[in-house]
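> One structure is given below, represented as structure tokens, and several questions about it will come after.
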Amino acid sequence: MKKILIVGKRGFIGNSLNRYLKKFYHIKHISFKNIKNFKKKVNEFNYVVNTSINKNYINNKYNEKIDNDLTISNLINNKKTIYIFISTRKVYPSKANSKENSKLSPKSNYSKNKLITERKLSIKLKDNLTILRVSNIIGDKSLSKNIHKTFIDIFFENIKNGINVDNGNAFKDFLSINKFCQIFKCILKKNLVGVYNVSIGQKVYLNDLVNWLNKFNKRKIKKIKIIKKNKDSFYLNNRKLMSKIKIKNSLEELKQYCYSLSKNKFS
């Protein structure tokens, strides 16, 4: 049985991966603050994935001291352990159909830092590296520490305040946390290395998504139209990954997941 080390105990993705993958693999789930005490054991694992992040890595310019992934990768000294780096779709410009070989254009410190880490890990780990450029992930984050707000966080915050924002024709690319975990399992099963977009791979119009998430909300909501045009519309081309793992990943499936999330939140 494959042995997987997951670093990051307080976050949404780390906890979700742990709950899902332990049904199939031998999982060790630790906090980043304990990684140095775990130093000698890191090389015993087939895969290492980090889901922790330093707040300064999100907001400030790159510094190796705040790069958790680089710190962990420096503990790997064999050619058998594969490191899985969770990067971001924000390394691409905001446009439709971004492929893994598309032009990269990070704008924020966060996305610039992710790209720097990608390159540093590629030099250090070479063929023992899997880079996942992940789109927006939807799920119930109420039991996890929230480092920065996502579209879903803002949606539920707006609903709590009695507001529903009209996003016009803006679209993004979303995955449910359930689908992300399923895809992650397939990546492990297929022993994939390289760079992959992890996404639904098509336009998800924000107004549709908001309606799905709002399905079971009985409260009276005031609709507000955004005057400023949303320039952050995008979706990732996911064909490279999906051709290898061959699983269902549809808009209807995302819609049904949003309905279940809405039901849990509002019923």
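The values are calculated or read from the model by the stated rules, or taken from the named source; none is laboratory data. Owing to the predicted nature of the structure, the values given are computational and were not obtained by experimental measurement. Note that we place each Cβ from the backbone using ideal geometry, even for glycine, and neighbour counts take in every protein chain shown.
> With the structure loaded, tell me whether Lys112 is under 28 Å from Lys3 (Cβ atoms) and out of contact with any strand residue (DSSP E or B) (no Cβ under 8 Å at 6 or more places or on another chain) or whether it fails that test. If you could, list the steps in order and put the result at the bottom.
Working: under 28 Å from Lys3 (Cβ atoms): no; out of contact with any strand residue (DSSP E or B) (no Cβ under 8 Å at 6 or more places or on another chain): yes.
Taking the combined requirement at face value, the residue does not satisfy it.
> Could you please let me know if Val48 is in contact with a Leu (Cβ under 6 Å, 6 or more places away or on another chain), in contact (Cβ under 8 Å) with a residue 40 or more places away in the chain and either among the β-branched types (Val, Ile, Thr) or surrounded by 14 or more Cβ atoms within 10 Å (Cβ to Cβ) (or both)?
So Val48 passes the test.
> Restricting the search to the range 215-255, which residues are in a loop (DSSP other than H, G, I, E, B) and surrounded by 19 or more Cβ atoms within 10 Å (Cβ to Cβ)? First the steps, then the outcome.
At the first step, the residues of the range 215-255 found to be in a loop (DSSP other than H, G, I, E, B) are 215-221, 226-235, 237-238, 246-250.
Selection gives Ser233, Phe234, Tyr235, Asn237, Asn238, Asn249.
> Among the residues of the range 64-79, is any of a type in the set (S, T, N, Q) and more than 18 Å from Ile35 (Cα to Cα)?
No, the range 64-79 contains no residue that is of a type in the set (S, T, N, Q) and more than 18 Å from Ile35 (Cα to Cα).
> Given the options Lys244, Lys248, Lys255, name the one that is modelled with pLDDT of 95 or more and under 24 Å from Thr130 (Cβ atoms).
Values: Lys248 fails: modelled with pLDDT of 95 or more; Lys255 fails: under 24 Å from Thr130 (Cβ atoms).
Result of the check over Lys244, Lys248, Lys255: Lys244.
> Restrict the check to the range 29-39 and report whether at least one residue is of a type in the set (Phe, Trp, Tyr), surrounded by fewer than 20 Cβ atoms within 10 Å (Cβ to Cβ), out of contact with any Gly (no Cβ under 7 Å at 6 or more places or on another chain) and modelled with pLDDT of 95 or more.
no
> Residue pairs, Cβ under 9 Å, 6 or more apart or interchain, first in the range 252-267 and touching a residue at least 12 places away in the same chain (Cβ under 8 Å) and over 20 Å from Asp173 (Cβ atoms), second assigned to a loop (DSSP other than H, G, I, E, B) and among the small types (Gly, Ala, Ser). List them.
Cβ pairs passing all conditions: Lys265/Ser142.
> Quick one: count up the residues across the range 52-70 that are touching a Phe, Trp or Tyr at 6+ places or on another chain (Cβ under 8 Å) and not acidic (Asp, Glu).
Of the residues in the range 52-70, the ones touching a Phe, Trp or Tyr at 6+ places or on another chain (Cβ under 8 Å) are 52, 57-59, 66-69.
In the following step, the residues that additionally are not acidic (Asp, Glu) were identified as 52, 57-59, 66, 68.
The total comes to 6.
> Could you grab the pairs with beta carbons closer than 7 Å, sequence gap of 6+ or different chains, first residue in the range 203-220 and in contact (Cβ under 8 Å) with a residue 60 or more places away in the chain, second one polar (S, T, N, Q)?
From the range 203-220, the pairs are Leu213/Ser262.
> Looking for something free of Cβ contacts under 8 Å to residues at least 40 places away in the same chain, under 18 Å from Asp173 (Cβ atoms) and either assigned to a loop (DSSP other than H, G, I, E, B) or of a type in the set (Val, Ile, Thr) (or both) - is there at least one such residue anywhere in the range 108-130?
The answer is yes; a qualifying residue exists.
> Continuing with the same structure: For the range 144-158, indicate whether the set of residues that are more than 30 Å from Ile123 (Cβ to Cβ), at pLDDT 80 or above, over 22 Å from the mean Cα position of the chain (by Cα) and not assigned by TED's automatic domain parsing to the domain that holds Val49 is non-empty.
For the range 144-158, residues more than 30 Å from Ile123 (Cβ to Cβ), at pLDDT 80 or above, over 22 Å from the mean Cα position of the chain (by Cα) and not assigned by TED's automatic domain parsing to the domain that holds Val49: present.
> With respect to Asn178, determine if the residue is surrounded by 13 or more Cβ atoms within 10 Å (Cβ to Cβ) and either of a type outside the set (Asp, Glu) or at pLDDT 95 or above (or both). If you could, list the steps in order and put the result at the bottom.
Working: surrounded by 13 or more Cβ atoms within 10 Å (Cβ to Cβ): yes; either of a type outside the set (Asp, Glu) or at pLDDT 95 or above (or both): yes.
Yes; evaluated as a whole, the condition is true for this residue.
> When the range 182-200 is examined, which residues are found to be of a type outside the set (Val, Ile, Thr) and surrounded by fewer than 21 Cβ atoms within 10 Å (Cβ to Cβ)? Give the steps one after another, and end with the answer.
To start, the set of residues in the range 182-200 that are of a type outside the set (Val, Ile, Thr) comprises 182, 184-186, 188-192, 194, 196-197, 199.
Listed by number, the residues that qualify are Gln182, Lys185, Cys186, Leu188, Lys189, Lys190, Asn191, Leu192, Gly194.
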